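A.B. asks: To start, I am sharing the structure in question, which I have written as structure tokens.
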Amino acid sequence: MTDVRALFERIAPLYDRLNDRLSFGLHHVWKQMAVDWLHLEAGARALDLCCGTGDLTRLLARRVGRQGQVIGLDFAAAPLAIAQQRSLGYPQIQWVQGDALAVPYGDRTFAAITMGYGLRNVASIPQALREMYRLLQPQGQIAILEFSHPESPALEQFQAWYLQQWVVPTAQAHDFGTEYDYLWPSIQAFPKPADLCAMIQATGFHAIRHYPLLGGLMAVTLAERDG
Ligand SMILES: C/C(=C\Cc1cc(O)c2ccccc2c1O)CCC[C@H](C)CCC[C@H](C)CCCC(C)C
Ligand SMILES: C[S@@+](CC[C@H](N)C(=O)[O-])C[C@H]1O[C@@H](n2cnc3c(N)ncnc32)[C@H](O)[C@@H]1O
């Protein structure tokens, strides 16, 4: 069983640089889309779960503005420290070291919650979804950005090839081959889009919308809490 927290503690110093290199910078586009597709007012309160080095946290902060508040939560100290260093111009962000499966905030606290490349890494997807539902204000929304499963077998073969023949060797050059070797099996184990949407619906969310990106290599899934 992979110790996810230890893994992200180790790769934190190179995480952003490798993401930029391995996705040709596209991960910034995917993150911007996830935040753009939320209906979020200036002055609102938002939460970025599994925030890592804070890419999505800072995008949320730009959306809610200086009058708003954004919490960036992660259980690993090293990415949080990098996030803090990179967010000095964002006084509306508060960084919290904590568990996305037991978030230290009350029910109905947030207008929006994001989770970028976190849901696949938590120990319990249903528990993470339950926490997000609990934490959302009525009519609040979640945006989940994750790797996904292309419908095209050829694209799925490309995904496997890219991860195992390009991503892992590139990471290995920085002594992180083992850490990035975790990616492909974790993606294979992640629910297919229909199953993920069914899990989200079973949690109580509605208005569930799944948007494949890059032919389904990635996806943004949006959902809303009712009353
Ligand atoms: C930001 C991205 C991945 C974050 C990420 C998530 C994890 O769960 C990890 C686990 C262990 C180590 C690292 C990570 C991790 O970095 C997505 C962009 C980075 C990806 C590694 C690049 C792979 C992108 C697609 C599979 C193929 C892209 C096609 C290309 C743009 C033509
Ligand atoms: C792939 S990184 C994503 C970081 C950031 N959201 C991004 O989009 O780049 C996954 C992050 O989830 C965090 N994480 C995994 N499980 C967690 C949990 N149960 N509670 C809090 N953070 C968790 C890891 O420490 C890591 O920083």
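A.B. asks: Between Arg17 and His206, what is the spin-label point distance in nm, taking each point 7 Å from the Cα along the Cα→C-beta axis?
C.D. replies: Rounded to a tenth, the inter-label distance reads 4.9 nm.
A.B. asks: Normalising by the residue count of segment 2-224, find the relative contact order in percent from Cα pairs under 8 Å and 6+ residues apart.
C.D. replies: Numbers: 400 pairs, mean separation 41.1, N = 223.
Relative contact order, segment 2-224: 18 percent.
A.B. asks: So which chymotrypsin sites (Phe, Trp or Tyr not before Pro) in segment 1-62 are both in a DSSP loop and have at most 12 other Cβ atoms within 10 Å of their Cβ?
C.D. replies: Answer in residue order: Phe24.
A.B. asks: On to the next question. Once the whole set of protein chains is in place, how much accessible area is left on Tyr180, using a 1.4 Å probe, in Å² to the nearest 10?
C.D. replies: Only protein atoms counted, so the area is about 20 Å².
A.B. asks: If you take every DSSP beta bridge whose two residues both sit in the chain, what share of them, in percent to the nearest 5, is antiparallel?
C.D. replies: Counting only bridges with both partners in the chain, antiparallel ones make up about 40 percent.
A.B. asks: Follow-up. Just to make sure I understand: if all protein chains stay in place, what is the order of Arg63, Arg120, Arg130 by accessible area at 1.4 Å, largest first? Before the final figure, lay out each step's value.
C.D. replies: Values: Arg63 70, Arg120 25, Arg130 125 Å².
Order by accessible area, largest first: Arg130, Arg63, Arg120.
The values are calculated or read from the model by the stated rules, or taken from the named source; none is laboratory data. Bear in mind that the values here come from a model prediction, so they are computed numbers and not experimental data. Positions of Cβ are backbone-derived with ideal geometry, glycine not excepted, and every protein chain shown enters the neighbour counts. Only protein heavy atoms, including side chains, enter the accessible area calculation; ligands, DNA and RNA are left aside. Shrake-Rupley method; radii C 1.70, N 1.55, O 1.52, S 1.80 Å.
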